[in-house]
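So the structure is just underneath, and the comments pick up after that.
The values are calculated or read from the model by the stated rules, or taken from the named source; none is laboratory data. All values reported here derive from a predicted model rather than from experimental measurement. Every residue, glycine among them, receives a Cβ derived from its backbone with ideal geometry; neighbour counts consider all protein chains shown.
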Amino acid sequence: MSLRLTIVIMSAFGVISDAILIAFYPQFFEVRYGITSPVHVGAYIAAISIAVMCTLPLWARVARHVETMHLLVYTQLVAGTFGALSAWADTVTGFWVLTMLMFMTKSSYLLMFPYLMRLEKAETHAATIGLLSVVVHIGGIFGAMAGGLALQQFGPRTCLWMMAAGDFVQMGLCLYLIRTGRVVKVLGTAQDTQPSAASPAARRGTLGLILRLSLLMLLFDFSAYLVRPFFSVYWEDISGMRNQMLTGLVFAIPGVVAIVALLINKRATREGRRLLDHTLGNLLLGAAGLLLQASQSVPLVLIGRCLYGWSLFQVIVKLEVTLFKVSTPDAYAKDFSIANFFQNLGVLLSSFGAGVIVSRFGMEVTFVLAAVGLLLTAVLDRWSFGVDRRHAQPAAPADATSAADTTLAGAPHAS
């Protein structure tokens, strides 16, 4: 099994593990601990973001001295152990402590992304990120469906075991790569030991662009994920259907749309046609999709999920491509950790804000506020990058599948 394929599989397991309970934390806390407070659920999901945003920069620093795959063997072992132990946590306090330790250690697997980018040629970054986005969405679909089925049929403890199993599989795949000599070392190479060609002034300019882009990511992630924590409850209320596997499938509709969008874009590129692939247009589509989901009409909600999914796929790919286009290989891990910090801050604020908003005003308001957030993102994007546009070429996501066959390495989980 090649390095490329192995890292893609590792990414898929990481995403699946994260997605098993993400749509069902309200039901999980109610079934296991009798907690029904939306504020508590929002605070817990926000705490996950805090754990990741505070520890990923630490792991990025450690990775300057320890090869990434060797580091992941130990961190994923520890993460899987904490995850398995949380299945026996009798109190909600114990569950919080064990799972936060789990997320603090498992956040290191995000380093696979900048690790991959160092092995890729710059011209293949957009294609690889498009492939990564699809892997993430497929993993999200499978994880949400498997999590809903496991929670409904076997209970919350099984979900936690499944999450831990994903970490152990990642650890095993890292060991496989190391034992078979397929790992490409990046420390101590000529690229790593030579000083950066960029002057201090150029680096300051690059850092300024990274911070501007990170602020854009913060606002986008806050808006995109404000509706996530309680969507499953909202769907079951408006549809009257309490089948959690079906709920998981509806929750994963944006992932299905991302796969379809990739295939449509690829075909359009081959035929010389150009689809709507502009950041502004896609943010407007996303805002429209969010407003449709606030309608409480089942057909309109489903249409809204589709528009929302298309928007997320296109905008996320462009933002990730922009990040690595602005950065330099020797700074990939550092700049990625900076951007990821702001992304998780956006998710943190959205998770905590969702709990407060739902408890006081109802779920519908989160859709409206999220739509306003996407419109503000469009304004900030035009103001920050309207003149010096550094976004990816429009056709890049469409080429992801074909380019994957020729890239040196595979695709770890994109944030």
Conditions first: (1) at pLDDT below 95; (2) over 25 Å from I138 (Cα atoms). V97 passes all but one, so which condition is the exception? (1)
For segment 277-295, give me each residue that is assigned to a loop (DSSP other than H, G, I, E, B), touching a helix residue (DSSP H, G or I) at 6+ places or on another chain (Cβ under 7 Å) and either surrounded by 24 or more Cβ atoms within 10 Å (Cβ to Cβ) or modelled with pLDDT under 90 (or both). D277
Can you name the number of the only condition in (1) within 17 Å of the chain's Cα centre (by Cα); (2) at pLDDT 90 or above that T158 fails? (1)
Given the conditions (1) at pLDDT 80 or above; (2) in a helix (DSSP H, G or I); (3) out of contact with any Cys (no Cβ under 7 Å at 6 or more places or on another chain), report the number of the one that L262 does not fulfil. (1)
Please work out if L375 is among the aliphatic types (A, V, I, L, M), under 22 Å from P57 (Cα atoms) and in contact (Cβ under 8 Å) with a residue 40 or more places away in the chain. no
Give the residue that is nearest to M117 (Cα to Cα), with candidates limited to residues of segment 56-82 that are assigned to a helix (DSSP H, G or I) and β-branched (V, I, T). T68
Taking segment 338-377 and keeping residues closer than 30 Å to Y115 by Cβ, modelled with pLDDT of 85 or more and among the hydroxyl-bearing types (S, T, Y) leaves S350, T377
The lone condition A150 fails out of (1) small (G, A, S); (2) at pLDDT below 95; (3) under 22 Å from the mean Cα position of the chain (by Cα) is (3)
Note on Q153: of the conditions (1) farther than 26 Å from V66 by Cα; (2) in contact with a helix residue (DSSP H, G or I) (Cβ under 8 Å, 6 or more places away or on another chain), unmet is (2)
Return yes when L116 is within 22 Å of F336 (Cα to Cα), under 13 Å from the mean Cα position of the chain (by Cα) and either assigned to a loop (DSSP other than H, G, I, E, B) or of a type in the set (A, V, I, L, M, F, W, C) (or both) and no when it is not. no
Note on M53: of the conditions (1) touching a Phe, Trp or Tyr at 6+ places or on another chain (Cβ under 6 Å); (2) outside any helix (DSSP H, G or I), unmet is (2)
Which of the residues belonging to segment 1-26 are under 17 Å from T99 (Cα atoms) and not hydrophobic (A, V, I, L, M, F, W, C)? G14, S17, D18, Y25, P26
Subset of segment 1-29, residues in contact with a Phe, Trp or Tyr (Cβ under 8 Å, 6 or more places away or on another chain), farther than 16 Å from M162 by Cα and not in a helix (DSSP H, G or I), comes to M1
Can you confirm whether A197 is assigned to a helix (DSSP H, G or I), within 27 Å of L319 (Cα to Cα), over 26 Å from the mean Cα position of the chain (by Cα) and modelled with pLDDT under 90? no
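Report, by residue number, each residue of segment 97-109 that is of a type in the set (A, V, I, L, M) and buried (at least 24 other Cβ atoms within 10 Å of the Cβ).
M102, the sole residue that qualifies.
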